[in-house]
Amino acid sequence: MDAAFPFPWFEPLLARLREHLAAEPFPRDAAHDLGHILRVARLAHRLAEEEGADADSCVAGALLHDLVYRPKNHPESPLTAQLAADLVPRWCQATAGLEARAGAIAAAVASHSWSGGGTPASLEAAVVQDADRLEALGAVGVARVFATGASFGAQLWHPEDPWAEDRPLDDKAWSLDHFERKLLKLQADMKTRSGRDLANDRQRTMLTYLAALRSELGTES
Amino acid sequence: MTNSTANNQGVSPIRAPDTEKTRSGRDLAIDRQRTMLTYLAALRAELGAGS
C-alpha cells in the first residue's frame, strides 16, 4: 500500500489518524472504519491522477474526510463534514508538507458529504466527493448499505413489500429502500469524468445485484 | 465489510450446491452460487480498483 501513496506526509498523517480513531467517543460502524477511509484515499489518488488534480490535497482530503464520526441516527450526523473541516487546518499545520494546502483540503472535506449537501468549489473537492460516493456504489456499496442499516437497527427489507410498491420509502427502517432513496441517484451527480466512468461500472453491479435479489425474493414468496 | 465477513464467503456458502439434498434445491443453489460468484468478482475488482 505504501507504494500507492508516494507522499512523505502520508505515514505520519496515517499514524495520527489511527490514534484519533482509537480514541473516538462513538464506535464506528463497519462501513465507516479505517478500511473505508483508505479505500476513499486510493480512489481519490486514482481520480486525481486521471483528472490532473493536486494529488496531495485529494489524498489528504480523503484521509481526513470522516475525521468526525457520528452514528447515522445521531442528530449531529448531517454536520460531520463541517465538523471535520473545522479540524483540518490544525491537522495540516501539524503535518509537514500539508501546511500550504490546509485551506484546499478543509474545503474539500467540508463539501464532500451527501447529507451535508455541499457543492465542491474546486477540482480537488470534486475528486474527494466522487471518491467517497464511489464507496457507496457497486459491490462495496452493497456491503456497506446493509452494514450501516444494521448499525442503527434497520431491517434488511420490508417483509411483505420489499420494493416499496405500496408504501413510502423508509430507509431508516429498511436498508433496501436506501438504494432508491439515495444510492441509485449518485451516478448522475458525479463531478469528474473519471468518477462517472467508475460510477457507471458500479451502478451496473448494483443493478445486477438488485435483479438477483428480486428474483430470489420472488422465488420464495 | 470486515475482512472476516468477506472471507466467510469462501467457506460454507460456496460449497452449498454440493450439500443440497434435493434436485430442486441444488438447481436453486447453483443459481445463487452464480450470483455470489458474480458479486465476489465485482467486489474483488473494486477493492483492487484504487490501488
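Values in this text are rule-based calculations from the coordinates and carry no lab data. Remember, it's a predicted structure, so these values are computed and weren't measured experimentally. Glycine also receives a Cβ, built like all others from the backbone with ideal geometry; neighbour counts cover every protein chain displayed.
Counting only alpha carbon atoms, the long axis of helix A:193-220 and the longest principal axis of chain A meet at about 30°.
Length available on full extension from A:LEU184 to A:ALA100: 0.36 nm per residue minus the Cα-Cα distance, which gives 26.5 nm. Note: relative contact order over the stretch A:1-86, using C-alpha pairs below 8 Å and six or more positions apart, is 26 percent.
Couplings 3J(HN,Hα) for the stretch A:147-156, derived from phi with the Karplus relation 6.51 cos²θ - 1.76 cosθ + 1.60 (θ = phi - 60°), are 5, 5, x, 4, 5, 10, x, 5, 7, 4 Hz, where x marks Gly and Pro.
Grab the DSSP H runs of chain A that are 4 residues or longer, score each as -39,500 (n - 2.57), total them, divide by all residues and round the 222 nm result to the nearest 500 deg cm²/dmol. List each step's numbers first, then the result.
Numbers: 8 runs with 118 residues, N = 221.
When only DSSP H runs of four or more count, the value is -17500 deg cm²/dmol.
Dividing the Cα radius of gyration by the Kirkwood radius, what Rg/Rh value follows for the stretch A:18-164? Working shown, then result.
Numbers: Rg = 15.7 Å, Rh = 15.7 Å.
Rounded to two decimals, Rg/Rh equals 1.00.
Applying 1/(1 + (r/R0)^6) with R0 = 41 Å to the Cβ-Cβ distance of A:SER115 and B:THR22 gives a FRET efficiency near 0.30.
At a Förster distance of 25 Å, what's the computed FRET efficiency of A:PHE7 paired with B:ARG44, Cβ-Cβ distance as r, to 0.05? For R0 = 25 Å, the calculated efficiency reads 0.40.
Report the Stokes-Einstein translational diffusion coefficient (µm² s⁻¹, integer) for the protein assembly as shown, Rh taken as the Kirkwood radius over Cα pairs, at 10 °C with viscosity 1.306 mPa s. Each step should come with its number before you reach the end.
Working: Rh = 19.7 Å.
Answer from the Stokes-Einstein relation: 81 µm²/s.
Contour minus end-to-end for A:HIS74 and A:ASP86, with contour as 0.36 nm per residue of separation and end-to-end as the Cα-Cα distance?
Working: separation 12, 0.36 × 12 = 4.32 nm, distance 1.91 nm.
Gain on stretching A:HIS74 to A:ASP86: 2.4 nm.
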